[in-house]
Amino acid sequence: VCSSDLEPVDDLGYLPRPGRRVTARKFVGDKLIYDVAYTIGADGFRVRNPPQGAENRCLVLFGDSNTFGEGVNDGETYAWHLGAYNFGMSGYGAHEMLAGLQSGRYTRSLACAPTHVVYFFLPEHVARTAGRAPWNDRGPRYRLEEGPRGERRAVRDGNFHHGPKPPPPDLDEGALGWRQIGRAHV
């Protein structure tokens, strides 16, 4: 989805413009890599293929371009084949999932009771969550706060474009970023 097909939203940073069918083409040099169409529902998320006989139950998927299905048509995404709600978007990280859950955006899109929720994680999501993704300067920003029993928890602190720039990456970021995530929950 190119930037002209996105709209800024306070909770997630950006979302595809709702109720549209978008053609996406990618070239490397003169070679066409893909030429596909994405259908975006009225809620701003990719349309789903609801399974027959499971109207009151559903599967929910969160993630980035892999979950969204960048480069494939609607009927070719893994979310479509699973009949799942597809809350993935190119460039997203865990901070968009948390922000959308807190704002109620995802719940408002559901017409069922989720039986399973899956978040597709890549190590690069650590840098995205820290605000180091150049395409996502409007993304939700969180800070760690100490709770009443000394536990650390993520607290919403605006969006990346309102506030200090993130510090430079440390050696534990990226492929080793799981260490930072583990420390936040110990």
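The values are calculated or read from the model by the stated rules, or taken from the named source; none is laboratory data. Owing to the predicted nature of the structure, the values given are computational and were not obtained by experimental measurement. With ideal geometry, Cβ positions are generated from the backbone for all residues, glycine too; neighbour counts draw on all protein chains shown. Heads up: the accessible areas ignore ligands, DNA and RNA and are worked out on the full protein's heavy atoms, side chains in. Shrake-Rupley method; radii C 1.70, N 1.55, O 1.52, S 1.80 Å.
For the chain, taking a cut-off of 4.7 Å between Cβ atoms, the unpaired cysteines are Cys2.
For Asp137 and Lys26 in one chain, what is 0.36 nm times their gap in residues minus the Cα-Cα distance, to one decimal in nm?
37.6 nm
Close amide H contacts of Arg20 (hydrogens built in the peptide plane, cut-off under 5 Å, sequence separation of 5 or more or a different chain): Ile40. Based on the alpha-carbon gyration tensor of region 1-159 and its eigenvalue square roots a ≥ b ≥ c, which shape applies: rounded if a/c is under 1.5, prolate if not and a/b is larger than b/c, or oblate? In terms of gyration-tensor shape, oblate.
Classify region 1-85 as rounded, prolate or oblate from the Cα gyration tensor: take a ≥ b ≥ c as the square roots of its eigenvalues, call it rounded if a/c is under 1.5, otherwise prolate when a/b beats b/c and oblate if not. Oblate, since a/c reaches 1.5 and b/c is not below a/b. Among rounded, prolate and oblate, which fits region 102-162 when a ≥ b ≥ c are the square roots of the eigenvalues of its C-alpha gyration tensor, a/c under 1.5 means rounded, and a/b larger than b/c means prolate? Because a/c hits 1.5 or more and a/b fails to exceed b/c, region 102-162 counts as oblate.
Extension gain, Glu76-Asp10: 0.36 nm per intervening residue step, less the Cα-Cα distance, totals 20.7 nm. The simple spin-label model puts a point 7 Å past each Cα toward its Cβ; for Ala111 and Glu151 those points are separated by 3.6 nm. Pop out the carbon and sulfur fraction of the accessible area of the chain as a percent, whole number, probe 1.4 Å. Carbon and sulfur atoms account for 56 percent of the accessible area of the chain.
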